[in-house]
Structure formats: C-alpha cells, structure tokens
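Working notes for the structure below.
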Amino acid sequence: MFFDFKFWRYLTDQGTLVERLDNSTMRGFRLRVVGLFISALILYALMNMWGIGTRGLTPITANGDDETFALARMMSLAGSMLWAVVYTAFHLYGISFILHKLTGIHYRKLVVLQLFITGILLLEKLLVFIVFLVNGAAAPVSFLSFGPLAATFLTYPFLIYFLNQLSIGTAIVIAFQFRFIRYYLPEAKRSLLWLLIGLNVAMAVITSLIGLIPAERLFTELFGGGAAVE
C-alpha cells in the first residue's frame, strides 16, 4: 500500500503519518527533500543579496575598489549558499543520525521527522527576514529569540549568541520532535523531553561557538588586502 507525502497535511497530523510510515510505502518524499534544499538556497541567497551577514564587506566599499568588491560579493553569495546546503543537510541527516543512535528508532523515519523540523527552522528565518525587509534594517539577533533581551544587559558575545539560538522556533522544534518520537517510545516521556532539550541546547552552544569565529574580518582582509586595518 502507498501513500503520498504531503508536508502541510502531516505537519499537524503526526499520528496518521506515524501509522502510515509503519504500514505503507511513502511516495513523493524525495521531491520534498529536493524542494527543501532549493528553498534553503533561495532564502539564504536572498538574505545575502539584501545584505544580511555582509557587514564585513563595508571596508572594501570604502576603499573604492569596485572589482574587488564585486568579487567579494560573489564569493560571499557562494559561501552563503554553501552554508545553506550544509545547514539543511546537517539538520535533515545529521540530527536524524544522532536521534537514531540515542533512541533506536529507524533512521529513515527520523529523516521524515527532520524534514518537518528543518522546514520549521527555515520558516522562522523567512519570517525574520520578511520583518527586516519591511523595516528596511537588519539586526544581528532575532526578535523571536532571547537575543535582543540578552543584548540589553550582557556584554559577552557567546552568551548573546547562545540566547539568540533559543527562540520560539526552538520550542516548536522540541515539541514537534517530542510528539513524533513519543509514538515510538511512549514509556519514556520525561527522559525523552530532557534528551531533546539537551540536544537542542548542545546545538545552540555549537552554533554560538561557530559565531565567535571572526569570519567577517578574515574575509575582509582576504579581499581587501588588509587595507581595512591599516
């Protein structure tokens, strides 16, 4: 027996999805995976072209070197799209593998779960981008997270980056993962919840540490010949 995978239908009907995954063969999933990667590429490309994450290129503009700036913008766009692929692949396949090892649930079923999770995370980024676009300005923190609050009284970049990762999207992700996995592990409610919270907090810590890498300064020095610091 076959059933067609539909993102929006099963987003709110996990019980039916789990039942059909156990008793039927799914069709149309690969197409949704391709669509997810394409959506991520388009979103990250649009954010980069609008200027999000390109603050480090400003000194190159001030130097008046148009060719260098054009090359830097192209490389920045390429890097942004590469990160979109890495980000999507990690959340789709990497987290699925980690959850498979931690829970023993079949890997392919967890990939289905993580397709929804990655879609939710991309939708959150899209919402933030739309608000930035409407207001004509961007911020290094998301208004859907604890980042803005942390930035008002904290001076440690790591803590601000870390709290910026704890957003409404994170809460939705944990709730969605908990509901889905609970169908397979009904007796492990409390331990499962703490497991998912710990996993998402660990991901926030790793992302925060990556955010401390001075990528913008290195990028500017590479294409600006060090002129920005002279």
Contact list please: Cβ distance under 6 Å, first residue in the range 102-114 and over 17 Å from Phe90 (Cβ atoms) and assigned to a loop (DSSP other than H, G, I, E, B), second residue open to solvent by 30 Å² or more (accessible area, probe 1.4 Å) and not basic (Lys, Arg), pairs at least six apart or on different chains. Ile105/Tyr184
Looking at the range 172-192, is at least one residue open to solvent by less than 50 Å² (accessible area, probe 1.4 Å) and more than 19 Å from Phe116 (Cβ to Cβ)? yes
Quick check on my filter: what residues within the range 143-171 are of a type outside the set (A, V, I, L, M, F, W, C) and either surrounded by fewer than 18 Cβ atoms within 10 Å (Cβ to Cβ) or farther than 17 Å from Val201 by Cβ (or both)? Pro148, Thr152, Thr155, Tyr156, Pro157
Within the range 82-100, tally of residues that are closer than 22 Å to Glu124 by Cα and surrounded by 17 or more Cβ atoms within 10 Å (Cβ to Cβ): 7
State yes or no: is Ile120 under 30 Å from Glu19 (Cβ atoms) and part of a loop (DSSP other than H, G, I, E, B)? no
Filtering the range 131-142 down to residues that are more than 20 Å from Ile117 (Cα to Cα), buried (at least 17 other Cβ atoms within 10 Å of the Cβ) and either more than 19 Å from the chain's Cα centre (by Cα) or without any contact (Cβ under 8 Å) to a residue 60 or more places away in the chain (or both) yields Val141
Working carefully through the options Leu144, Leu102, Leu110, Leu122, find the one that is within 19 Å of Met49 (Cβ to Cβ) and of a type in the set (A, V, I, L, M). Leu122
Residues being of a type in the set (A, V, I, L, M), open to solvent by less than 10 Å² (accessible area, probe 1.4 Å) and out of contact with any strand residue (DSSP E or B) (no Cβ under 8 Å at 6 or more places or on another chain): count how many of those fall in the range 112-127. 3
So Tyr184 ticks every box in (1) more than 21 Å from the chain's Cα centre (by Cα); (2) modelled with pLDDT of 90 or more; (3) under 21 Å from Leu122 (Cα atoms) but one. Which box is left unticked? (3)
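The values are calculated or read from the model by the stated rules, or taken from the named source; none is laboratory data. Values in this document were obtained by computation on a predicted structure and should not be read as measured data. Counting neighbours? That spans all protein chains shown, and the Cβs are built from the backbone with ideal geometry, glycine included. The accessibility values were calculated without ligands, DNA or RNA, using every heavy atom of the protein model including side chains. Shrake-Rupley method; radii C 1.70, N 1.55, O 1.52, S 1.80 Å.
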